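Here's the structure, in structure tokens; my notes come after.
The values are calculated or read from the model by the stated rules, or taken from the named source; none is laboratory data. Please read all numbers here as calculations on a predicted model, not as lab measurements. Note that we place each Cβ from the backbone using ideal geometry, even for glycine, and neighbour counts take in every protein chain shown. These accessible areas exclude ligands, DNA and RNA; they are computed on the full protein's heavy atoms, side chains included. Shrake-Rupley method; radii C 1.70, N 1.55, O 1.52, S 1.80 Å.
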Amino acid sequence: MITKLFMLGCNDRKGVFLALLIVTLFFAGGLPKLEIDTGVDSLIPANDPGRLIYQRVAGEFGTDNKTIIYIKDSQLWTPAKLGRLQKLHEDLEQIPNVSRVDSLYSLHTIDGKDGKVDTKPVLRDAPQTDEEAQIAKQNAMANPLYQGNFFSDDGSVTAMIVAVENTNDEKNFSRTMFDAMESLLSEHRSGFEHMTQVGSPRINAELKKSLYEDFVLLGPLSGLILVLAILFFMRSGLSAFIPLATSTLTIVWTFGMLGWTGIPLNILSAMLPSLIIVIGSTEDTHLMSAFFRGLSTAEKEPRKEAIEYMASHIGLPLMLTVLTTSLGFASNMFSDIGLIQHFAIASTFAMLANGIITILVVPLILSIFGPNQARQLDSDETRSSIPDRVIKSFRYSQDRFPGAILIGTTLLCLFFIYQASTLYVTNDPLSYFPSDRPLIQDTKRIHEDLAGIKIFFITLETKTKNSFHDPKNIEKLKQIQDFMKKQGVFDRSISLADHLAFVNREFRGDFAELSLPKTRQLVAQYLMFFHRSDLDSYVSHDYSRANIVVRHNVSDSHTLNSYIEELEDTVKHIIGPEMKAHIIGENLMVNSAAENLMVAQIKALAILLTLIFIIMSAMFTSFKGGLIALVPAIIPIALMFGIMGLLDISLNPGTAMVAVIAIGIAVDGTIHLLARYNELCRRTSNYKEAVYIAVQEEATPLIVSSLALSLGFGVLLFSNFTVVAQFGALAAATMLFSIFANLLVTPIIMSKVRLVGLYQILAMNIDKTVLDGTPLFNNMTNYQRRKAILISELNEFSAGDLLVEQDTTGRDMFLILSGQAEVIRRDDGEARTLATLNPGAVFGEIGYIREAERTADVRATTDISALRFDYQKMQNDLKFFPNIVAKLNFNISYILGERLADMVENSKK
Amino acid sequence: MKLFFHIPLFLVTAISSLAYAESSMELNGREIMEEVYNRHQQYPYVYEEQSMVMSDRNGKRDTRKAHRYSRVEEDGTAKFMLVFDFPHEIRGVAVLATRDPLGVMTKSIYLPAFAEQLIESKGESSDGNFLGTDFSVENIIGEKLSDYQYTRRQNRTIRNMQYFTIDVHGLNEDVNLTKPLRRHFVRQDNFFISQTEHYDSHGRVHKRQSHHDIRAVDGDMWRSGMILIEDIKEQHQSLLKVTRRLFSHDYVPAEIFTAEWLYQNHPYIPPEDMDDETEAEEEVVMSVNNEEQLSQLDDEVMVQP
């Protein structure tokens, strides 16, 4: 059936071409509908319980989504500079969709001096003299509420905070706002030493810009590297063209699907074209290798026969590898993070689509453009090839130190697993950018001079109006803030308590310290000095809820989450049972989602490994087969996690996916290797030799594909995003590790085991009458017979060959499948034909039971196909199938019994 | 006979009115403002009971009640005091302002929960709002004419009502080159300022004050029953409703405008003597439905910027 599927492209070229064309055009129609999502929302699990609370809190106290305009100048407090700032403030207010600009020109302060108190703007208009400017500076710097928010400690930095609203629900709102503000800043920038904007519009705009750049760069670069690698290793232009063709179609289908389904592109999607090109090419490489091998044995219709050969030898492994690779990507759907889920859907579809396209397109192209003759490989070329050198070096070690290799590998894995215990998770969008990126530098600058740009809220809720007129409750706000100061990781916090302490200080006069009012009446009277809008972010209208606004710059999710946890415990203790507290913020939800990464990763890994184990066990009808298939999957993953731990690489949305994707790909090589080994085991009783040959034959495509994958993933190092670059680097390293696992470690384990493929059992084509007629398989089911047969060896003999020689010892038993043989007894130089053996006949059973000299020759009178059963091998390989062993032994006993009875009968005559 | 007498009388009255109207057309800005001042702002004793509703950008409202006392002495000294009465936590909070004959304004604030102390507040222009409202003292007691230049602009007709338009500039400003500080819209029939628009340095309206429920209270003197101030930039507004107004010397004795009166009537209570139990809030019994008033005001908004 698999062969028929492959031959479709060859036998019905027009039909397949038309079908592909229609489907491709359909998907292409989805391309214009593609959307991009760089929003923070996709980093927060949809079912995060904090979401609703955050929306409520943000709705009441204002969003944390604001842009900071950072202005630094050593001469800031001069009439000229302050005049420019005023102009900038006014110009910012004119930008459409800007709802509010807060700067020193909109701030109010309270000034208490010499027994007088005044509420006034920090600066109404630009001062005309230096003296006025210095007074303005004193006013501004005297207010502790503004230090760290609007002014640096030394006064050389000021900030303007711009709130924007997407009132028309514009699609490219971030970009529009960023461009509008940037255009304005570029006009004013020359007037100051440093001026920059940081906020959601810029972050989103940079994410999108970087995403476009990645798309434009990475895909074509991957294609180029692929072509060069294939040309280098395979010296075939067609071998380079075919993966490009299948990848192009896959990319169109995948992105078209995304367009039709409304699944947006995100920063992880940027690596899809590279992944498709690189991963898709590996199977194409295997197919081309098989095609060339098939050409060497083709006679009448070279292309068609070669395609048939390709289909029969590679068809099943290809489908298995498509399945395992797709499973690897699909397992990422367990993540709660939308970013990863969307990528999982897109990548899984891409892998499946690539499989379908490969099955249809490759035969189609080869049937038209494929060569008609096999290439003659120069023997020198073979000897000097990289794969050969690798195998030789591995073989030397395998022959001499197999045990040491296994123990060494185990210890190495344990060491790296131990290193992996230091892994930490992070999900901060700013960490997606390299640290030398201007955006990150600007963020750091703001953190150092003012306060971090990341904000979260601590909201305290009571059920009573005017609860936060009560000094006891205001004191709780202060205690929480004091605790945060002790924690030392958060830059700044502001609450109603700070406002009241400030007013109290100004009323008490010079040199008074900041302290809170003692009575609710005084609290209420102090609050009269604030406009409602001054307190919007800090207390609800009815004073039943208060909000502490916290600014920080912590990007390490693990650190942040642990401090937040500590804070939560303390807050609970401080507020007591009468109040409820929520510590909430967009960046907190994003960072807490990081913890989900770890859990989802473990879940995905466990499920994938289980699935691979089940599939492989079923394929080779043996749990041993399943376990063997896991070895080359687990080793690279252990090494990869260990390296992450050693190099302090965090587990983030990019690196979190490496393990499952790498397993899905690495196991492909194992499948090819095991399949070939299994095939060879049927032709030789020497398992070691079967391993050698399997490795020899599969090494080239395995190493070529692993190297190509490694190079292809390495292309991702050029990504604008650290998460993508880290994914690329780790995936590349994992591919290289898989060479080591597949070619050094797995062959050692393989040589101890004989596998029987399920498909082979199902596909075995032996004359049923022979099976039904032979006494060896009496009372055995078809499955049991096939299993027993596949454990044996198929030997071919020409007419006149001696299958068994008299007076020699051997533990082999034979079952004739086709042809004829004679049993000849030699006594004193005379030869007597004792019997003629036909298909279904069994001989050599005495030697099978106990080691003894053969009693006669068995010579082929025609060409014979016979199954050879080695006693030791049968007992080893069937020990997990005692039922089959019992029946075989019984049947052999029966045959022997019949033989004895015949002898007795004959002797009487 | 009577008709013979009435017709000339009618003619004389009509001609006088026309003459008067004609003469008022010839008034310049300052003259108009002086007429405004003389008619409406000089009554020596005014006592008002007021309700204030402050509405923020989200539409949330705060309500206060206060007593207002204003007095103009013979030498031209104007005194003004606002004492808050509700909510109970701010009862006794007072703003006391005095403008001497030379126009120098001093303002003080009394917080009975803070100390037995009148704290001087530095004076600001009419943009200097007090105690979290959108009102400044000048908004309530009027501006000192000698501090400004007044330029009459083109008259306006709005809803069949004729208005003088007066631009206000600082004394040293060039009225043709600089933007005005504010613009008054003065009703031509009664010289009452119905609306004032305050401008920022770019000539944009950032605050608007409008008077409503305008009635004649005594002769040529008119007063409004409601004043609305809208802060257009910050998107909040304050509505002041006069629930009771008395022009009586007995309600506004001179000793009211002293610290002693405040200390006596709204004494400072030290924290240690304060009752810790939460007092029940009094229900606001508003004689006016604020929602209704605000929606009515929409109809009465006179001039769109």
Given the conditions (1) modelled with pLDDT of 85 or more; (2) among the polar types (S, T, N, Q); (3) open to solvent by less than 50 Å² (accessible area, probe 1.4 Å), and given that residue B:243 satisfies all but one, which numbered condition is not satisfied? (3)
What number of residues within the stretch A:85-96 satisfy the criterion of being outside any helix (DSSP H, G or I) and either within 10 Å of chain B (Cβ to nearest Cβ) or hydroxyl-bearing (Ser, Thr, Tyr) (or both)? 0
Selection over the stretch B:32-61 where residues are within 14 Å of chain A (Cβ to nearest Cβ) and touching a residue at least 40 places away in the same chain (Cβ under 8 Å) yields a count of 7
Scan the stretch A:463-507 residue by residue and report those that are of a type outside the set (S, T, N, Q), in contact (Cβ under 8 Å) with a residue 24 or more places away in the chain and more than 23 Å from residue A:525 (Cβ to Cβ). A:463, A:480, A:483, A:484, A:489, A:490, A:491, A:492
Where residue A:617 falls short, out of the listed (1) out of contact with any Gly (no Cβ under 7 Å at 6 or more places or on another chain); (2) farther than 25 Å from residue A:272 by Cα: (1)
Does any residue in the stretch A:107-118 that is within 9 Å of chain B (Cβ to nearest Cβ) come within less than 7 Å, Cβ to Cβ, of a residue that is part of a loop (DSSP other than H, G, I, E, B) and among the basic types (Lys, Arg) six or more places away or on a different chain, and which pairs are these? A:116/B:122; A:118/B:122
I'd like to know if the stretch A:97-111 contains one or more residues that are within 48 Å of the chain's Cα centre (by Cα), assigned to a loop (DSSP other than H, G, I, E, B) and on the phi > 0 side of the Ramachandran plot. yes
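Per-residue answers, yes or no, for (1) among the hydrophobic types (A, V, I, L, M, F, W, C); (2) crowded, with 17+ Cβ neighbours inside 10 Å:
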residue: A:532; (1), (2): no, yes
residue: A:536; (1), (2): no, yes
residue: A:539; (1), (2): yes, yes
residue: A:547; (1), (2): no, yes
residue: A:551; (1), (2): no, yes
residue: A:563; (1), (2): no, yes
residue: A:576; (1), (2): no, no
residue: A:608; (1), (2): yes, yes
residue: A:616; (1), (2): yes, yes
When the stretch A:294-307 is examined, which residues are found to be closer than 17 Å to residue A:239 by Cβ and either free of Cβ contacts under 8 Å to residues at least 24 places away in the same chain or outside any helix (DSSP H, G or I) (or both)? A:294
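For the stretch B:206-234, which positions are within 14 Å of chain A (Cβ to nearest Cβ) and either crowded, with 16+ Cβ neighbours inside 10 Å or assigned to a strand (DSSP E or B) (or both)? Show your work before the answer.
Filtering the stretch B:206-234 down to residues within 14 Å of chain A (Cβ to nearest Cβ) leaves B:206-207, B:229-234.
Across the stretch B:206-234, the qualifying residues are B:206, B:207, B:229, B:230, B:231, B:232, B:234.
If you scan the stretch A:783-800, which residues turn out to be in contact with an Asp or Glu (Cβ under 9 Å, 6 or more places away or on another chain) and under 22 Å from residue A:857 (Cβ atoms)?
Step one: of the stretch A:783-800, the residues in contact with an Asp or Glu (Cβ under 9 Å, 6 or more places away or on another chain) are A:791-793, A:796-799.
Correct list: A:792, A:793, A:796, A:797, A:798, A:799.
Kindly establish whether residue A:453 is touching a residue at least 24 places away in the same chain (Cβ under 8 Å), open to solvent by 20 Å² or more (accessible area, probe 1.4 Å) and of a type in the set (A, V, I, L, M).
yes
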Of everything in the stretch A:846-886, what is under 19 Å from residue A:816 (Cα atoms) and crowded, with 20+ Cβ neighbours inside 10 Å? Give them in sequence order. A:847, A:848, A:856, A:857, A:858, A:859, A:860, A:864, A:866, A:867, A:869, A:874
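Quickly run through the stretch B:174-198 and pick out the residues that are among the basic types (Lys, Arg), assigned to a strand (DSSP E or B) and either open to solvent by 20 Å² or more (accessible area, probe 1.4 Å) or under 17 Å from residue B:39 (Cβ atoms) (or both). Step through it out loud before you land on a result.
Within the stretch B:174-198, the first condition is being among the basic types (Lys, Arg), and the residues that meet it are B:179, B:182-183, B:187.
Checking the rest, the ones that are also assigned to a strand (DSSP E or B) come to B:182-183, B:187.
Listed by number, the residues that qualify are B:183, B:187.
Can you go through A:14, A:66, A:4, A:72 and tell me which one is open to solvent by 70 Å² or more (accessible area, probe 1.4 Å), closer than 30 Å to residue A:123 by Cβ and at pLDDT 80 or above? Explain how you work it out, then say what you get.
Working: A:14 fails: closer than 30 Å to residue A:123 by Cβ; A:4 fails: closer than 30 Å to residue A:123 by Cβ; A:72 fails: open to solvent by 70 Å² or more (accessible area, probe 1.4 Å).
Being open to solvent by 70 Å² or more (accessible area, probe 1.4 Å), closer than 30 Å to residue A:123 by Cβ and at pLDDT 80 or above holds for just one of A:14, A:66, A:4, A:72, which is A:66.
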Of the residues that sit in the stretch B:105-132 and are modelled with pLDDT of 75 or more and within 18 Å of the chain's Cα centre (by Cα), which one is farthest from the other protein chains (Cβ to nearest Cβ)? B:105
Can you tell me which condition residue B:158 does not meet? The list is (1) closer than 30 Å to residue B:270 by Cβ; (2) open to solvent by 20 Å² or more (accessible area, probe 1.4 Å); (3) of a type in the set (Val, Ile, Thr), and all the others hold. (1)
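Restricting to the stretch A:797-830, give me the number of residues that are exposed (fewer than 14 other Cβ atoms within 10 Å of the Cβ) and in contact with a strand residue (DSSP E or B) (Cβ under 9 Å, 6 or more places away or on another chain).
Let us first name the residues in the stretch A:797-830 that are exposed (fewer than 14 other Cβ atoms within 10 Å of the Cβ), namely A:798-800, A:807-809, A:826-830.
When the remaining residues are screened for being in contact with a strand residue (DSSP E or B) (Cβ under 9 Å, 6 or more places away or on another chain), the result is A:798-800, A:807-809, A:826.
So the answer is 7.
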With respect to residue A:513, is the statement that it is open to solvent by 40 Å² or more (accessible area, probe 1.4 Å), modelled with pLDDT of 95 or more and either within 28 Å of residue A:138 (Cβ to Cβ) or over 48 Å from the mean Cα position of the chain (by Cα) (or both) true? no
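Could you list all residues from the stretch A:495-535 that are more than 7 Å from chain B (Cβ to nearest Cβ) and charged (D, E, K, R)?
Here is the first cut: in the stretch A:495-535, the ones more than 7 Å from chain B (Cβ to nearest Cβ) are A:495-506, A:508-517, A:523, A:526-527, A:534-535.
A:498, A:505, A:506, A:508, A:510, A:513, A:534 - these are the residues of the stretch A:495-535 that are more than 7 Å from chain B (Cβ to nearest Cβ) and charged (D, E, K, R).
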Taking the stretch A:439-494, which residues are of a type in the set (Asp, Glu), farther than 17 Å from residue A:566 by Cα and away from chain B (no Cβ under 14 Å)? A:442, A:448, A:449, A:461
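Among the residues of the stretch A:600-627, count how many are among the hydroxyl-bearing types (Ser, Thr, Tyr) and not in a helix (DSSP H, G or I). Full working, then the answer.
Taking the stretch A:600-627 first, the residues among the hydroxyl-bearing types (Ser, Thr, Tyr) are A:610, A:617, A:621-622.
Still in the list and also not in a helix (DSSP H, G or I): A:621-622.
The total comes to 2.
Considering each of A:344, A:311, A:270 in turn, give the residue that is assigned to a helix (DSSP H, G or I), farther than 30 Å from residue A:203 by Cα and open to solvent by less than 10 Å² (accessible area, probe 1.4 Å). First the steps, then the outcome.
Working: A:344 fails: farther than 30 Å from residue A:203 by Cα; A:270 fails: farther than 30 Å from residue A:203 by Cα.
Being assigned to a helix (DSSP H, G or I), farther than 30 Å from residue A:203 by Cα and open to solvent by less than 10 Å² (accessible area, probe 1.4 Å) holds for just one of A:344, A:311, A:270, which is A:311.
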Select from the stretch A:404-450 the residues that are of a type in the set (Ser, Thr, Tyr), farther than 26 Å from residue A:550 by Cβ and touching a residue at least 40 places away in the same chain (Cβ under 8 Å) and list them in ascending order. A:409, A:418, A:421, A:422
The condition of being within 23 Å of residue A:712 (Cβ to Cβ), open to solvent by 20 Å² or more (accessible area, probe 1.4 Å) and in a helix (DSSP H, G or I) holds, among A:258, A:211, A:275, A:238, only for A:238
Looking at A:379, A:367, which one is modelled with pLDDT under 90 and open to solvent by 20 Å² or more (accessible area, probe 1.4 Å)? A:379
One residue from B:91, B:153, B:64 being within 14 Å of another protein chain (Cβ to nearest Cβ) and surrounded by fewer than 20 Cβ atoms within 10 Å (Cβ to Cβ): B:91
